[in-house]
Amino acid sequence: MNSTLSVAVISGKGGVGKSNIALNLAYALNTMQHKVLLLDCDLGLASLDVLLGISTEETVENLLEGDVPASRVALQIDTHLSLIPAASGSYSLGDSEPALQSLFLERLNPFAAEFKYLFMDAGAGIGGSVQLFSAMAALRVVVVTPEPTSLTDGYAVMKVLASSYGIRDFFVLINQADSVKEGESAYLRLAASCEKFLSFRPLQLGIVRSDEQLTEAVRQQKPLLRYAPDAPAAKDLAAIAARIHKLHGEMARRLTPGIALRKPERRMGV
Ligand SMILES: Nc1ncnc2c1ncn2[C@@H]1O[C@H](COP(=O)(O)OP(=O)(O)OP(=O)(O)O)[C@@H](O)[C@H]1O
Ligand SMILES: [Mg+2]
């Protein structure tokens, strides 16, 4: 059995591009012939189904409520890509972290472990469920844009995870950069703040340029990598997917086959 690399895509600030990034990285790895499961973790505020132009009856909420097995909730999107969508406008579990944790580990882990990659598109903010998905994943991608407000929120999400779960390893992805240079300087500012105030330095995963064709792909309800594979942002995303694949190889010894999501340990007293 192969090991699964689980990746949580998080941001702090909303609307920075998490869902499009999770979708296109998953799609890119699928075109590289790897089995990928994409999980909409924005419980109650689904968006991946909309980005793909599909409608669905059964969602991750049904899976968590126990009526439907993961194999029935998952939809095949492409040859090697499956999606577990979320519901829009209804969610009864609220933010009850211990309940969510055991439900995810019990009901999702065995199914997800059959995939080589699990991408979790978390909602915006730093609420309990976002923290939980981040802590269960093997790799955390913090998406920021070069805007100061987004950098501040990206910093905040890392600070909260460091104090609640003791997590200190993060990858930063700069999205909507006007140029590679602007993206680099935004990363350096964020990394310097982390180093100064949190005593760790997040790694740079990559830079995705601002690209009108991504907005058009959203309108057309197709992944950018399918709609315009030669667009600048599509090339950036494909390069980041290749980097993640390389990281999977490098992390292989730290991953346990059969366990896609690990049991997180909350720090005492927080
Ligand atoms: N690289 C980019 N170039 C141009 N526009 C972009 C880019 N990335 C994201 N956008 C724009 O930002 C919008 C929001 O993206 P997306 O829905 O992926 O963000 P999100 O972080 O998932 O939002 P939420 O926090 O609401 O879940 C997209 O519809 C698109 O218009
Ligand atoms: Mg989203």
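Rule-based calculations on the coordinates, nothing more; no lab input. Since we're looking at a predicted model, the values are computed, not measured. FYI the Cβ positions are ideal-geometry reconstructions off the backbone, even for glycines, and counts take in every protein chain you see.
Just name the residue that is surrounded by the fewest Cβ atoms within 10 Å (Cβ to Cβ) out of those in the range 187-215 that are of a type in the set (Asp, Glu) and within 9 Å of ligand 1 (Cβ to nearest atom). Outline the logic, then answer.
In the first step, residues of the range 187-215 are kept if they are of a type in the set (Asp, Glu); the result is 195, 211-212.
In the following step, the residues that additionally are within 9 Å of ligand 1 (Cβ to nearest atom) were identified as 211-212.
On the way: Asp211: 20, Glu212: 11.
Checked the range 187-215; the qualifying residue surrounded by the fewest Cβ atoms within 10 Å (Cβ to Cβ) is Glu212.
Can you tell me how many residues in the range 128-145 are more than 17 Å from Asn20 (Cα to Cα) and within 12 Å of ligand 1 (Cβ to nearest atom)? Break it down stepwise before answering.
In the first step, residues of the range 128-145 are kept if they are more than 17 Å from Asn20 (Cα to Cα); the result is 128-139.
Still in the running and within 12 Å of ligand 1 (Cβ to nearest atom): 130.
Count: 1.
Scanning the range 216-270 for residues that are acidic (Asp, Glu), in a helix (DSSP H, G or I) and exposed (fewer than 13 other Cβ atoms within 10 Å of the Cβ) yields a single hit, Glu250. Residue count for the range 93-132, restricted to those that are within 16 Å of ligand 2 (Cβ to nearest atom), touching a helix residue (DSSP H, G or I) at 6+ places or on another chain (Cβ under 6 Å) and aliphatic (A, V, I, L, M): 3.
Evaluation of Leu198 against the conditions (1) in contact (Cβ under 8 Å) with a residue 40 or more places away in the chain; (2) touching a strand residue (DSSP E or B) at 6+ places or on another chain (Cβ under 7 Å) shows that the sole unmet condition is (2). Among the residues examined, Val9 qualifies as closer than 20 Å to Phe170 by Cα, in a strand (DSSP E or B), within 12 Å of ligand 1 (Cβ to nearest atom) and in contact (Cβ under 8 Å) with a residue 12 or more places away in the chain.
Pick from the range 12-31 the residues that are among the β-branched types (Val, Ile, Thr) and within 8 Å of ligand 1 (Cβ to nearest atom): which of them is surrounded by the fewest Cβ atoms within 10 Å (Cβ to Cβ)? Only one residue fits best here, namely Val16. The C-beta contact set for the range 108-132 (first residue free of Cβ contacts under 8 Å to residues at least 40 places away in the same chain, second residue among the β-branched types (Val, Ile, Thr) and more than 12 Å from ligand 1 (Cβ to nearest atom), distance under 7 angstrom, 6+ apart or interchain) comprises Gln131/Val160.
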